[in-house]
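Derivation of every value follows stated rules applied to the coordinates shown; laboratory data play no part. Quick caveat, the model's predicted, so the values are computed rather than measured. Positions of Cβ are generated from backbone atoms using ideal geometry, with glycine treated the same way; all protein chains shown enter the neighbour counts.
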Amino acid sequence: MEWLLRAACVGEDPELFFPVGTTGPALDDVAAAKRVCARCPVRRECLNWALGSGQTAGVWGGMGEEERTDLLRRAGSADAARHEAFAGTKR
């Protein structure tokens, strides 16, 4: 996971990406984590890793837990989910 060394989240508080709860401050943390992900040069690699390794908690590659679960359910597999997540985007 050498891509992790180039991630925008390096140096950020890890708790930001793993909020406790689904309301109030937790939603603020998710939004803040996604803002970090939005400027990350390895967002694609991060999301690919999360989908492929079955990460069920936290914000990875700009997607929260429910978003990844929904994407996997729609796509049917991690490979299809990775393709769908970045369809129409440039690397």
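For the chain, the Cβ-based charge dipole about the Cα centre amounts to some 500 debye (Lys, Arg positive; Asp, Glu negative; other atoms uncharged).
Amide H to amide H, with H built 1.01 Å from N, Gly58 comes under 5 Å of Glu65, counting only residues 5 or more places away or on other chains. Here the contact order of the chain, divided by its residue count and restricted to Cα pairs under 8 Å and six or more residues apart, works out to 25 percent. Lys/Arg Cβ at +1, Asp/Glu Cβ at -1, dipole of the stretch 17-85 taken about the Cα centre: which of Val36, Gly24, Ser53 is farthest positive-ward? Checked the options; the winner is Val36.
Placing a label point 7 Å from the Cα of Phe18 along the Cα-to-Cβ direction, the residues of the stretch 44-66 whose backbone N falls under 20 Å from that point are 46-66.
Our estimate of slack between Ala57 and Asp70, defined as 0.36 nm per intervening residue step minus the Cα-Cα distance, is 3.3 nm.
Across the chain the C-alpha pair distances fall into 10 Å bins from zero in the proportions 18, 51, 30, 2 percent.
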